[in-house]
Amino acid sequence: MAGAGQGHSGREHTAEPRASGRARGRAAGFAQRWVAWSVRRGRLLAAVALVLTVPAAWLTAELYRKLSSDIEELLPRRAPSVIATDELRARVPGLSTLGVVVDAGRADRLPAAEHLLDDLAARVRTYPGTLVRSVRVGADEEKRFFDQFGPLYIAPADLAEIQRRIQTRKSWEARRKLDILFEDEPAPPLDFHDLEQKYRRQLPGTAGNHARFSSAGAAVSVLLIEGTESTARLAGARQLVSRVEDDLRRLGGPAHYASGMRVGLAGNVAVSVEELQALSEDLGISTVLVVSTVLGVILLFFGWWIAIPALLVPLAIGTVVAFGLAAVLPLGIDRLNSSTAFLGSIVLGNGVNFGIVWLARYAEARRRGTPVEPALVQAIAGALPGTLVAALAAATSYGSLAVTQFRGFRQFGFIGGIGMLTAWISAFVLTPPLVAWLERRAPRERWPSRGPDVRRAEVGRLTQLLQRHAAPITIAAVALTVAALFEISRFDSSHIESDFSRLRRRDTGTSGEGYWGRKMDEVLQRNLSPTVILTDSVADARGVAAHVRRDEQQPRLGELIAQVRDIDDVVPPDQPARIVEIERIRHMITPVVRAQLSPDSLQLVDRLLGQGPLLPVRLEDVPSSLTAGMRERDGSIGRTVLVFPQLTKRLWQTNELAFLVGRLRAAGAEGVTPGHRSGRVAGYVPIASDITRTLQHDGPIASAIAFISVALLVTLIFRGRRTGLWVLGSLSLGVVWMLGATLASGMKINYINFVAFPITFGIGVDYAVNIMARYRQELANLTPSAASSDAAPARLRLEAMRRAVHTTGPAVALCSLTTILGYSSLLIAKNRALSSFGAVAVSGEVSCLSTAVAVLPAALILLCATGAQRLLHSGANR
């Protein structure tokens with residue numbers, strides 16, 4: 001954020017009067033020449049601004065038009081999961097699904113729900129093939145297929161188990177007839193329900209006679225629409241969702257079929273549309289709130305209508321130009337993602353401070369009766385050095401994110417850093433001629449005169465509070481710091497968010513896709529979005545699948561994987577041998593054995609082993625739903641392995657997620673033929689894992705770079721004196737409080753709210769810089785005859801700090817308030833990731849402002865009041 005050394009405070013970052021005088025002299029000379037030229041050439045500057053703004057606005061609109069909510073947009077292009085996902089999209093048609101879910105409310109309404117979905121399905125089947133690949137209200141096709149070929153899909157080990165159980169029962173029956181059973185030896189049960197349950201989970205359509213996607217217990221019925229490559233992209237997804245919603249309205253909605261029914265959408269197509277819609281709505285609301293509240297605060301503070309266009313027009317131009325530059329510079333930014341989409345509001349909230357600083361100086365000069373152009377000269381001369389340092393500090397903190405590999409961070413850093421610089425340039429290039437022009441258009445504008453001693457006679461409440469309660473404030477700060485450090489000491493990987501469903505829109509779990517997705521999962525009892533392992537040959541895929549199945553036997557991994565599917569699960573190998581084995585088992589089930597089975601068990605056995613003649617399965621016999629994700633664009637099949645995760649929350653624990661992806665990648669490397677490429681793991685799960693891992697790696701790097709760069713800048717400002725340590729101490733304290741409050745609230749660090757930490761270094765440091773710079777200036781003014789202000793007695797130091805807080809505190813608070821308003825606009829966002837960023841960033845602003853205007857002055861006042869001259873000499877004036 002820009003520094004706040006405005007008309008109330010001044011902002012000179014040097015210690016001694018002569019050095020300050022030379023700096024002010026150079027700034028005044030430049031300001032005088034610049035104002036004279038810019039006021040004369042105002043029309044030229046306006047024309048240049050227009051020429052830059054028009055194409056920049058078009059480029060900005062293009063960035064937002066291509067706004068993407070896909071999380072892979074956050075990762076570097078070379079991330080393993082991104083490379084694998086790009087390959088998956090190039091090789092395999094899009095695995096996109098839209099579920100239409102009807103909640104009947106009661107089981108007796110279920111036929112009405114199914115009737116609605118039948119009517120809708122008839123309409124969806126007329127959609128173009130570019131949108132829809134298949135439409136299903138049940139697994140009838142799969143049921144017919146497995147009724148005919150199901151026995152061939154029973155694993156050899158399970159066939160052997162069936163044979164063993166039958167043989168054991170036959171042996172018992174034979175011994176019973178011979179009367180040679182052991183005493184009380186029970187009959188071995190002929191129960192195959194465990195095997196039936198196993199294949200019910202693995203093979204759709206084997207759940208019984210009713211293969212409809214309906215659940216009487218849940219009173220829910222589902223229609224599944226398999227999309228195409230088009231619906232895997234946002235434009236196609238929106239088109240499909242829009243057509244389905246229109247057809248539901250044309251059918252009269254669920255109420256036309258039965259009262260009390262509700263309908264919703266689920267699946268990855270619904271997720272992408274829902275999240276982008278929420279993101280777009282949040283951006284609009286955020287921008288309106290930022291502009292209206294910031295301008296309202298500015299108008300209230302200045303009491304001058306000219307301040308509104310004087311600040312708004314240059315700021316809007318600077319913000320648009322920043323996005324335009326980001327689009328044309330070779331930065332790899334061709335669209336905005338969920339991390340960078342809200343940067344417009346942030347740049348507006350932060351960038352306005354540069355204009356506030358110099359406009360406040362201008363307003364003070366005009367109140368003293370200074371004419372327009374001399375007042376412009378005084379304002380620019382006084383504000384330019386400090387705001388330049390502030391802009392560089394903010395740009396540097398944003399830029400620290402640009403050195404990471406995480407695209408969400410890089411783009412945020414590039415756009416934010418450029419935005420801080422363009423906002424500063426527009427404030428000093430465009431605002432002077434604009435203010436001069438506005439002043440000429442409002443000749444009746446009168447500035448109330450204010451005597452030089454008016455403010456000095458007004459002792460602020462904050463100043464009195466600090467003087468009277470310096471010790472309690474310092475003690476409270478120490479206590480808060482200890483509590484924050486305790487929270488920080490407990491930080492581990494569990495505090496990093498890996499369940500990205502928690503970052504979706506707020507209402508998704510109560511009325512959106514999250515709610516309807518749970519109902520669809522309850523009916524289907526399986527995950528529709530597999531993780532895909534890509535290989536270069538069928539043999540490699542078989543080897544990888546074998547390794548995954550071997551690892552799946554481990555309890556930890558087995559609880560995360562529901563099913564592994566490769567070509568052998570689609571077209572069973574060694575079918576002639578299996579047919580012979582199944583026929584042998586059939587012959588073992590003699591009429592005597594069948595008589596021992598309950599009707600239930602008999603029906604189950606007949607379903608497992610079949611009754612008609614067995615023929616080998618051909619690839620063309622297999623339903624397309626079973627080959628989805630395996631059949632490639634070139635017509636080949638069998639080079640991919642599908643791993644379906646369990647429907648368990650354990651999957652989204654950071655350690656479990658990393659473990660699963662690590663084991664899948666290891667299997668991809670170990671299972672291929674020596675010398676062949678390792679299998680590539682693609683899908684949502686590896687992307688989520690890579691985001692978490694990259695955040696853990698790049699987060700500390702970005703934070704360290706931000707702090708080091710800000711520390712170097714502070715050292716430069718204060719010329720290596722230890723006063724800079726007070727500034728850095730205040731900043732560090734604010735960031736510690738910020739992190740402690742975040743962890744204490746239970747909020748996890750995610751890929752969006754993390755960026756609040758490094759940028760807080762550059763924005764939050766300015767508050768302490770202003771307080772200490774003003775303190776040094778006042779101390780120098782109070783000791784003009786001293787060879788060095790170091791010799792000032794404690795009472796003068798106390799007075800200097802009192803004046804610094806009294807004069808600079810309101811200005812610092814105003815600049816912080818505009819930034820807080822920018823962040824706070826995100827608190828009401830539907831997208832919980834944006835909301836979490838707003839919460840963390842606001843806590844950082846409040847923490848850094850509090851340490852700068854309260855804790856830092858209180859500590860120095862306490863030292864002065866206790867007469868700790870040596871400590872004060874080494875800590876504040878060296």
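The values are calculated or read from the model by the stated rules, or taken from the named source; none is laboratory data. The model shown is predicted, which means the values in this text are computed figures rather than measured ones. Using ideal geometry, Cβ is built from the backbone for each residue, glycine included, and neighbour counts are taken over all protein chains shown.
Residue 634 fails exactly one of the following numbered conditions: (1) in contact with a helix residue (DSSP H, G or I) (Cβ under 6 Å, 6 or more places away or on another chain); (2) exposed (fewer than 11 other Cβ atoms within 10 Å of the Cβ). What is the number of that condition?
Residue 634 satisfies every listed condition except (1).
Residue 27 fails exactly one of the following numbered conditions: (1) modelled with pLDDT of 60 or more; (2) over 30 Å from residue 272 (Cβ atoms); (3) surrounded by fewer than 17 Cβ atoms within 10 Å (Cβ to Cβ). What is the number of that condition?
For residue 27, the failing item is (3).
Would you confirm whether or not segment 573-581 contains a residue that is part of a helix (DSSP H, G or I), in contact with a Gly (Cβ under 9 Å, 6 or more places away or on another chain), among the charged types (D, E, K, R) and crowded, with 16+ Cβ neighbours inside 10 Å? I'd like the intermediate steps shown before the answer.
We begin by selecting, within segment 573-581, every residue part of a helix (DSSP H, G or I); these are 575-581.
In the following step, the residues that additionally are in contact with a Gly (Cβ under 9 Å, 6 or more places away or on another chain) were identified as none.
No, segment 573-581 contains no residue that is part of a helix (DSSP H, G or I), in contact with a Gly (Cβ under 9 Å, 6 or more places away or on another chain), among the charged types (D, E, K, R) and crowded, with 16+ Cβ neighbours inside 10 Å.
For (1) touching a residue at least 40 places away in the same chain (Cβ under 8 Å); (2) part of a loop (DSSP other than H, G, I, E, B), each residue gets a yes or a no:
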{"position": "674", "(1), (2)": "no, yes"}
{"position": "677", "(1), (2)": "yes, yes"}
{"position": "687", "(1), (2)": "yes, no"}
{"position": "706", "(1), (2)": "yes, no"}
{"position": "715", "(1), (2)": "no, no"}
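Residue 741 passes all but one of (1) of a type in the set (A, V, I, L, M); (2) surrounded by fewer than 22 Cβ atoms within 10 Å (Cβ to Cβ); (3) touching a strand residue (DSSP E or B) at 6+ places or on another chain (Cβ under 8 Å); which number fails?
(3)
Can you go through 198, 170 and tell me which one is under 48 Å from the mean Cα position of the chain (by Cα) and either in a helix (DSSP H, G or I) or under 21 Å from residue 596 (Cβ atoms) (or both)? Break it down stepwise before answering.
Values: 170 fails: under 48 Å from the mean Cα position of the chain (by Cα).
After ruling out the rest, the residue left standing is 198.
Could you give me the residue pairs with C-beta distances under 6 Å whose first residue belongs to segment 63-80 and is in contact (Cβ under 8 Å) with a residue 12 or more places away in the chain and small (Gly, Ala, Ser), whose second residue is outside any loop (DSSP other than H, G, I, E, B) and crowded, with 18+ Cβ neighbours inside 10 Å wherever it lies, and which are 6+ apart or on separate chains?
Matching pairs, first to second residue: 69/275; 69/276; 69/279; 79/690.
Can you confirm whether residue 147 is charged (D, E, K, R), surrounded by 14 or more Cβ atoms within 10 Å (Cβ to Cβ), at pLDDT below 85 and in contact with a Ser or Thr (Cβ under 7 Å, 6 or more places away or on another chain)?
Details: charged (D, E, K, R): yes; surrounded by 14 or more Cβ atoms within 10 Å (Cβ to Cβ): yes; at pLDDT below 85: yes; in contact with a Ser or Thr (Cβ under 7 Å, 6 or more places away or on another chain): no.
No: the conditions fail for residue 147.
May I ask you to list the residues in segment 487-530 that are of a type outside the set (S, T, N, Q), in a helix (DSSP H, G or I) and without any contact (Cβ under 8 Å) to a residue 60 or more places away in the chain?
509, 514, 518 - these are the residues of segment 487-530 that are of a type outside the set (S, T, N, Q), in a helix (DSSP H, G or I) and without any contact (Cβ under 8 Å) to a residue 60 or more places away in the chain.
Quick check on my filter: what residues within segment 366-382 are in a helix (DSSP H, G or I), at pLDDT 85 or above and not aliphatic (A, V, I, L, M)?
Once the filter is applied, which keeps residues that are in a helix (DSSP H, G or I), at pLDDT 85 or above and not aliphatic (A, V, I, L, M), segment 366-382 yields 373, 374, 378.
Out of the residues in segment 740-773 that are among the aromatic types (Phe, Trp, Tyr) and part of a helix (DSSP H, G or I), state the one that is farthest from residue 817 (Cα to Cα). First the steps, then the outcome.
Kept after step one, since they are among the aromatic types (Phe, Trp, Tyr), are these residues of segment 740-773: 751, 754, 757, 761, 767.
Within this subset, residues satisfying the condition of being part of a helix (DSSP H, G or I) are 754, 757, 761, 767.
On the way: 754: 21, 757: 18, 761: 17, 767: 12 Å.
Ranking the candidates gives 754 first.
Determine which single condition residue 498 fails, assuming it passes every other condition in (1) touching a strand residue (DSSP E or B) at 6+ places or on another chain (Cβ under 8 Å); (2) surrounded by 19 or more Cβ atoms within 10 Å (Cβ to Cβ).
(1)
Return yes when residue 56 is at pLDDT 90 or above, part of a helix (DSSP H, G or I), of a type outside the set (Lys, Arg) and touching a strand residue (DSSP E or B) at 6+ places or on another chain (Cβ under 6 Å) and no when it is not.
Details: at pLDDT 90 or above: yes; part of a helix (DSSP H, G or I): yes; of a type outside the set (Lys, Arg): yes; touching a strand residue (DSSP E or B) at 6+ places or on another chain (Cβ under 6 Å): no.
Taking the combined requirement at face value, the residue does not satisfy it.
Taking only pairs six or more apart or across chains, which ones have beta-carbon atoms under 6 Å, a first residue in segment 807-829 that is farther than 18 Å from residue 319 by Cα, and a second residue that is outside any helix (DSSP H, G or I) and among the polar types (S, T, N, Q)?
Listed pairs, sorted by first residue: 807/9; 808/9; 811/6; 811/9.
Please determine whether any residue of segment 245-267 is under 30 Å from residue 72 (Cα atoms) and assigned to a loop (DSSP other than H, G, I, E, B).
Yes, some residue in segment 245-267 is under 30 Å from residue 72 (Cα atoms) and assigned to a loop (DSSP other than H, G, I, E, B).
Let's see how each residue does on (1) under 30 Å from residue 227 (Cα atoms); (2) surrounded by 14 or more Cβ atoms within 10 Å (Cβ to Cβ):
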{"site": "570", "(1), (2)": "yes, yes"}
{"site": "592", "(1), (2)": "no, no"}
{"site": "601", "(1), (2)": "no, yes"}
{"site": "617", "(1), (2)": "yes, yes"}
{"site": "624", "(1), (2)": "yes, no"}
{"site": "644", "(1), (2)": "yes, yes"}
{"site": "652", "(1), (2)": "yes, yes"}
{"site": "674", "(1), (2)": "no, no"}
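Pick out the one residue from 328, 288, 347 that is crowded, with 22+ Cβ neighbours inside 10 Å and among the β-branched types (Val, Ile, Thr).
Numbers: 328 fails: crowded, with 22+ Cβ neighbours inside 10 Å; 288 fails: crowded, with 22+ Cβ neighbours inside 10 Å.
Within the list 328, 288, 347, the selection yields 347.
Any idea which of (1) within 22 Å of the chain's Cα centre (by Cα); (2) crowded, with 16+ Cβ neighbours inside 10 Å; (3) not in a helix (DSSP H, G or I) is the one residue 304 doesn't satisfy?
(1)
Results for (1) crowded, with 23+ Cβ neighbours inside 10 Å; (2) part of a helix (DSSP H, G or I), shown as yes or no for each residue.
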site	(1), (2)
391	yes, yes
397	yes, yes
400	yes, yes
405	no, no
410	yes, yes
416	yes, yes
419	yes, yes
425	no, yes
435	yes, yes
